[in-house]
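Every number here is computed from the coordinates shown, using simple stated rules; none is lab data. Here the structure is a predicted model, which is why all the values come from computation and not from measurement. All Cβ positions, even for glycine, are placed from backbone atoms using ideal geometry, and neighbour counts span all protein chains on display.
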Amino acid sequence: MKVQFSLGLCCALSLLAAMLLLPLPAISGDRPQLVVDDDKVECPHAAFSRIQDAVDAATPGAMIRVCKGNYAEQVAIHKPLTIAADSGAVLMPATMRQNTTSLFDGAPLATAILVADTTDVTIEGLIVDGVNNGVPQCSPRLFGIAFQNASGEISQVAIRNFKLGTGLGGCQSGTGIFVQSGGGGISNVEIEKSTIHDFQKNGITADEVGTQVSVHGNVVTGIGPTTGAAQNGIQIGFGAGGAISGNTVTNNLWSPCTAVDTCAAVATNILVTRSDGVEVSDNRAGISQIEIFVHGNQGLVAGNETFASSVFEGIRIEGDGNRVRHNRVFNGAESGIFVAGNNNVVEHNNITEAAVGILKETGSLGNVIRFNRVFDTLVAVQDPASLGLAGVVSPER
């Protein structure tokens, strides 16, 4: 028995030794890493001092670590990769130049980071600052990060100061994040846990057929009352789709708009325009002419909280077959909720303080308005005539 045991142990040890000599399998998530440091102080062994040089050298799927520092460059990405920035890494281009064109109309665009014609690009933890953009006129239009016919993720970035200089405040330019498709291309982008502020036109824009976005957990802050471009905090439009959820969006207000009958333009915190089936849920939006405006069909507006509307509504719906449920509307102006269109369902909403609780446009058919609670408001429901505001909002395209 002792001999048999010894032989068994010997065989087992031999087998273990043979296994240890075999090559190890690739570890999931293991991939090449390139390191960038502008001055080689924080990361003295970095192989690159410019982000673009690392992007050019990277193989598809690589990770680029951007160490703390200031990077005065525009970056273009055309392959799958991840840019993971250390805290304090700032991309601050100087004198930005046109580096792409709009897929809609060919207009020239200048972007701090351009992601085009690729998939699986992640940008994480980077500060993107347009304070030194140096764009001297309305064209090229100015953007922080642009995905064009490209997919990926933007996570925990800070995008700020994408606005033009003195005298150019009326230009329809200066947006934090832009997602756009064209020519049959597809863009599918997740935008999460980021801050976007001090922009001139829009915080986040997703446009055109082929574009799908999930915009969640972000804080988007407009510049406050302005006579320049009418701002929109988050926009999905022109055939794009997706969901806007769990964001805080405030302070987009066009100051010349002071009365319902005379507003030439309005600002919005969340805008869905000419897109169907978009979900707007669990956001907090306040201090704008319209906090949530859906100009489309078959959308869902649920669980949001709006406050401090100026001139118009907390929630405004212009379209058919939309569902407006379980929202909390505080301090509506013209009304808490406005509905124009057919076969919409407005139910289980709480409205506190507005001139009218719910306005339903005269001539709209098949709308269901029920189980709503209205407080501190003289008129619960009213049916006015209305020309609509779809032509007065100022979307970016």
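For this structure, a couple of remarks:
- Selected from Thr100, Ile64, Thr82, residue furthest toward positive end of dipole (segment 45-140; charges at beta carbon): Ile64
- Order by protection proxy (mean Cβ within 10 Å, highest first), peptides 362-370, 333-341, 80-88: 333-341, 80-88, 362-370
- Relative contact order %, segment 257-397, counting alpha carbon pairs below 8 Å whose residues are six or more apart: 18
- Only lysine pairs 8 or more places apart, or on different chains, with alpha-carbon atoms under 25 angstrom apart are counted in segment 30-216, and they number 8.
- In sequence order, segment 134-141 has phi-based couplings of x, 5, x, 7, 5, 10, x, 5 Hz under the Karplus curve 6.51 cos²θ - 1.76 cosθ + 1.60, θ = phi - 60°, and Gly or Pro positions carry x.
- For Asp120, Asp198, order by how many other beta-carbon atoms lie within 10 Å, fewest first: Asp120, Asp198
- Ordering of 178-184, 132-138 by packing [mean C-beta count within 10 Å, highest first]: 178-184, 132-138
- Where both bridge residues fall in segment 30-216, DSSP classifies roughly 5% of the beta bridges as antiparallel.
- Table column - 3J(HN,Hα) (Hz), segment 169-177, Karplus curve with 6.51, -1.76, 1.60, x for Gly and Pro: x, x, 5, 7, 8, x, 10, x, 10
- The angle separating the long axis of helix 2-21 from the principal Cα axis of greatest extent in the chain is about 60 degrees.
- Using θ = phi - 60° and Karplus 6.51 cos²θ - 1.76 cosθ + 1.60, couplings along segment 178-192 (whole Hz; Gly, Pro as x): 10, 10, 8, 10, x, x, x, x, 10, 10, 10, 10, 9, 10, 9
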